[in-house]
There are 2 protein chains.
Amino acid sequence: MRNDFSFVLASASAQRERPRQRRTATTPHGKPAHPAAAPFPSAASTRPQTDHVRIIPLGGLGEVGRNMMVLEYAGDIIIVDVGFGFPDEDMPGIDFLIPNVKYLEDKRDRIRGVLVTHGHYDHIGALPYLVEKLGNPPIWTAPLTRGMLLKRHEEFPRLPKLEIHQIKAGDKVVLGNFQVEFFHVNHSIPDDLGLAITTPVGLMIHTSDFKLDLTPLNEKPADIATLTALGKRGVLLLMSDSTGAEVEGHSISETAVQQNLEAVFQNTAGRIIVATFSSMLNRIQQLVSLSEQYGRKVIVEGFSMKANVAIAKELGYLKAQKGTFTTAREAKNYPAGRLTILCTGAQGEDNAVLMRFVNKEHRDLAIEKGDTVIFSSSVIPGNERSVQALKDNLYRQGAKVYQSADLGLHTSGHARREDQREIMRLLKPKFFMPIHGMYSMMFNHAELAEEIGIPKQNILIAENGEVVALARDKLIKLKERVPANYVMVDGLGVGDVGNVVLRDRQVMAQDGMVVTIAVVDSETGKVRGEPDIISRGFIYMKDSRDLMNLMRRKVKEIVARSTGHEKPINWAYVKDNIRDKLGQFLFTKTQRRPMVLPVIIEV
Amino acid sequence: MRNDFSFVLASASAQRERPRQRRTATTPHGKPAHPAAAPFPSAASTRPQTDHVRIIPLGGLGEVGRNMMVLEYAGDIIIVDVGFGFPDEDMPGIDFLIPNVKYLEDKRDRIRGVLVTHGHYDHIGALPYLVEKLGNPPIWTAPLTRGMLLKRHEEFPRLPKLEIHQIKAGDKVVLGNFQVEFFHVNHSIPDDLGLAITTPVGLMIHTSDFKLDLTPLNEKPADIATLTALGKRGVLLLMSDSTGAEVEGHSISETAVQQNLEAVFQNTAGRIIVATFSSMLNRIQQLVSLSEQYGRKVIVEGFSMKANVAIAKELGYLKAQKGTFTTAREAKNYPAGRLTILCTGAQGEDNAVLMRFVNKEHRDLAIEKGDTVIFSSSVIPGNERSVQALKDNLYRQGAKVYQSADLGLHTSGHARREDQREIMRLLKPKFFMPIHGMYSMMFNHAELAEEIGIPKQNILIAENGEVVALARDKLIKLKERVPANYVMVDGLGVGDVGNVVLRDRQVMAQDGMVVTIAVVDSETGKVRGEPDIISRGFIYMKDSRDLMNLMRRKVKEIVARSTGHEKPINWAYVKDNIRDKLGQFLFTKTQRRPMVLPVIIEV
């Protein structure tokens, strides 16, 4: 259907947020020269490369989330997604992780555009933190994603206005040497777009997060025709979502999930409470429709879910009859069997709505005997214990709990192995690079590609910060590396929490800390009076008078011994001694290693 | 086969560790009077109850692990298991959790014995910490469990010698009013024993952790005959393992696992490295036998696994040909295809052997390209991320990874729903009480019992610290509660880390801490010189000079303002002010809430 590959001006279908002059992003671009294969230039080379596209993942490879990829050709740069990720357990206090964009800092004027595939936070969430560093480049994305970007941007009033060009599946835009065509893919949110990127070296496909659903709900089925057509055109490189690469079979269709959810609606007399992610708009639509069908009013609770539902309704992505929605405050006016409550908190998060229902911290709603609670989302690794604790408390309060895993009440938005095989068969790529997923997922995805018949030497597993070169006849890693470490966001601080701060947090979390304050006479080198000891997280001070006294005596001894050596007194040496010797003493006594912080006041 | 219910003296089959005088545990006990149903006496009652058995779970109900149960009748107490559990994520620095035995403190002389069902740490691990508090009561257990108890006890040289009576399936012991008969059950370790406890009110069954395996390896199949016979005798109460109550079907037989493992051995040319729990002795036996069959030498690495293998070999529970085992240091003398390495670390633990192989921290062995690594254990909830990180690093180093979940390379030691139904059908209990498992597992187990036909009012879900009364005609919860909170073990401290210390650790882990040290002139109420600021885990001090200066100025201001009000200066008030106002100031500046610790030195 789209066999001739003629690009139109993106502006034809784009709605510009504000006029821009400085970029040539929307100017049609003449065919660039295709020089014969030459050795790939090094990073230090001043001549822009023209025989290969540089592919630089800044996030999302070897992890789930924080997706961001840079594509570079002859002075032009495009970026796919700017997402955030969630911190690991050994990063206490960190809110989230964003990509390091240092590599792009001196290349802002070469950024032709940011392509945002869909509205999930692991694809859009880092934008507010990075948009200025990137020079506020133009963004190309679908209407719902645009709505979600703008909504989130409202939370950052000091940032410049975004320049968002609205496009849809089938649209084509020219961004310097990159000619981008958007195609529809299925996922757990509407308006997810795969990217077919024609470059001077050949056609690259970026699948975005995707699954092949031939019977989805509320959106078009997988666009097999376009995938087939792309395959016929000749795909040089396929970069495909690896998240489901360790699960055999086809992903479960939304239709199957719908049937399972319907069975619950049919058999439930009391309230139905469904916890899911706030951005699972396809699931939310299903639940709204089922509620209408079974005569239930719908209450949406949770700041982010309310916001997303509002955007989706406004843009026509969420269809509901007039009067379907009601509010938590009105709940008491309806019998239990006439209510569906959609809320956040399926991961057992402390402050989310479901937890507040359980802890009776919600103004209008609490769990009641006879409630049916459905967890309609996968459990993010690391959240298993908090989800279990929440589930237990729901049971204790007399609710019936359905977890998605048991009963097909949720399906992942990611292609499983059979879908991954299928898209490779349709696209017939020469080269293959697994993206989006833990290393083990990418590894298994790469093995799958080999099994499908792509030669091993044409398959490349890259990681964040590696620089991949794609030429017509090869796909290789360059020696060059760009910074791609986690940048940590903690409160208002972006990137200020580094390894030192984090390590200190870990040490204090494990065994607490001890501050010793000694007033030392710089003449005699002796402690005046008794040293002060403050301890937190180490021992319960009130129950440990003996140990506290021993510590005071120890500090006096150490000071007396360490000040004897030289005049003037080497205070750094004295402090080091307190830290080491008191530390050893405490370990012997308790087998704990609190952080020891010696303070000396000279008088 | 054992239809006449005559108890023999336990000492007939027991090996005593040392002579004891003070207890009557092994004296045959005459049939006690069965008084007519009277109101259950309250805890304060001085008359010992004789119309009901008191069942007091101190751990293991509403959690996985930390199993310990107290049974009490007319002045006699017996205890089933003394296990530990692992801390939750919000308990940083804690090594493990043990039961609170305060309830038993003034009842030591009534403890007739401790029955230890099997050798897993969640059933034996707390004993060293509690044995003295319990008055070192006699222990009744099977030979392998005895070996493991004694081995572990060696790590605590200051403790008194244990009195362990060795028994086997089929043996019977009389412990005051309790007449205990041990029967064989299958699990992931040999010598697991279920308990049939005849009491004056009726027969109680405690299944221990169990599964029904009709084709196990290296041990007898499920003892259906004994279960049937017990059912015929009339079971008053069944207390059954709930861990598998949320998984449909039969548990997978060890024979099926064996076949899947064998397929790996058949198809692997390089080294096979299997990570599992150190106490999974049945799995270890399988792997030893397969290695012999396929001409591989076996290396066992990991302190606890080596110890368990040594005990099991010595006691004849692990059978191996001469020359099967070799050492890590000898590994280089064998080709890769001739080696199997069994090790700990399947949970991604930092210091376990597999992690040391990956991090090249092991003296003799490291992961090599071509290695096949099998994770043969379930992932304990909460460990998913560390296991994933380990798996990724194994793939990065060129190993092939098999995870048990994918391929049936492991099976749980716990009965699934179909087995749970089966044991209820065989035992036909009048009353049912789910034990061992999270609340949701116990809840689903209770529903299963109802489905099988046990009347709802005869089913009781109890939690740790609740007191359950079992009479001939009822099973109810008493109002009474006994302390059953987590007792935390941290280094040498047992129970000294409480909520205050833990909360401080959490606060410092989240946002770090700030110590302000001000030398204040008690005459003028002003700070002399500049206050010292020490911060850890909050901001990186070297990069935050401006904020540090602002903090110093803030402290001076707060002190000056707070000392003006009264004479003599109220130092507590000054400190509170620093804590509050500096805390607010820092939150405004950073959106972080470090712990603020004000120190004032009066001069």
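Structure data summary
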read-out	value
Size of electric dipole in the protein assembly as shown: Cβ of Lys, Arg +1 and of Asp, Glu -1, about Cα centre, debye, nearest 20	1120 debye
Interface area, B with A, accessible, probe 1.4 Å, both sides summed, Å² nearest 100	5200 Å²
Estimated vicinal HN-Hα couplings, Hz - the stretch B:385-401 in sequence order (Karplus 6.51, -1.76, 1.60; Gly, Pro = x)	5, 5, 5, 4, 4, 5, 4, 4, 5, 5, 4, 4, 8, x, 8, 9, 10
The stretch A:42-193 - convex hull of alpha carbons, volume per residue in Å³	133 Å³
Estimated inter-spin distance, residue B:159 and residue B:132, nm [label 7 Å along Cα→Cβ]	1.1 nm
Hull volume in cubic angstrom per residue (convex hull over the Cα atoms of the stretch A:168-230)	78 Å³
Förster radius 30 Å - calculated FRET efficiency between residue A:541 and residue B:548, Cβ distance, rounded to 0.05	0.60
Sulfur and carbon atoms: percent of accessible area, the protein assembly as shown [1.4 Å]	51 percent
Hull-based mean projected area of the stretch B:353-477, where the convex hull spans the alpha carbons, in square nanometres	11.0 nm²
With Cα atoms, 0 to 90° folded angle of helix A:254-267 axis to chain A main axis	70 degrees
Kirkwood hydrodynamic radius over Cα pairs of the stretch B:268-342, then Stokes diffusion coefficient at 25 °C and 0.890 mPa s, in µm²/s	200 µm²/s
Residues with amide H under 5 Å from that of residue A:297, placed H, sequence gap 5 or more	A:339, A:340
Per residue solvent-accessible surface (Å²) - the stretch B:62-139, probe of 1.4 Å	25 Å²
Inter-copy separations for residue A:333, label at 7 Å along Cα-Cβ, nm, ascending	8.6
At 7 Å out from Cα toward Cβ: residue A:564 inter-copy label distances (nm, ascending)	5.0
Set A:542/B:556; A:102/B:542; B:107/B:456; A:360/B:477 screened for pairs whose C-alpha atoms are more than 23 Å apart	A:542/B:556; B:107/B:456; A:360/B:477
P(r) tail fraction, the protein assembly as shown - alpha-carbon pairs more than 65 Å apart, %	13 percent
Relative compactness, the stretch A:489-603, computed as alpha-carbon Rg over 2.2 N^0.38 Å	1.18
Inter-chain Cβ neighbour average for residues A:377-390, partner chain, 10 Å	4
Scattering curve values for chain B, log₁₀ I(q)/I(0), Debye with Cα scatterers, q = 0.06, 0.08, 0.09 Å⁻¹	-0.41, -0.68, -0.81
Teacher prompt: residue A:473 distances to equivalent labels in other copies, 7 Å Cα→Cβ, nm	9.5
Ordering of B:147-160, A:373-386, B:247-260 by packing [mean C-beta count within 10 Å, highest first]	A:373-386, B:247-260, B:147-160
Phi-based couplings in Hz for the stretch A:411-422 (Karplus 6.51, -1.76, 1.60; Gly and Pro marked x)	9, 5, x, 10, 4, 8, 4, 5, 5, 5, 4, 4
Per residue accessible area of the stretch A:254-407, 1.4 Å probe, in Å²	41 Å²
Net length gained if the chain between residue B:476 and residue B:530 were fully extended (0.36 nm per residue, minus Cα distance)	12.8 nm
P(r) tail fraction, the stretch B:123-170 - alpha-carbon pairs more than 14 Å apart, %	47 percent
Estimated Rh, the stretch B:121-264: Kirkwood, alpha-carbon pairs, angstrom	17.1 Å
Within-9-Å neighbourhood charge of residue A:270 [Cβ basis; K, R +1; D, E -1]	+1
Fraction in percent of alpha-carbon pairs per bin - 10 Å, the stretch A:254-407	11, 45, 38, 6, 0
Rg/Rg_ref, the stretch A:404-551, where Rg_ref = 2.2 N^0.38 Å and atoms are Cα	1.93
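The values are calculated or read from the model by the stated rules, or taken from the named source; none is laboratory data. All values derive from a computational prediction rather than experimental measurement. Note that each Cβ is placed from the backbone with ideal geometry, even for glycine, and that neighbours are counted across all protein chains shown. For accessibility, only protein heavy atoms count, side chains too; no ligands or nucleic acids. Shrake-Rupley method; radii C 1.70, N 1.55, O 1.52, S 1.80 Å.
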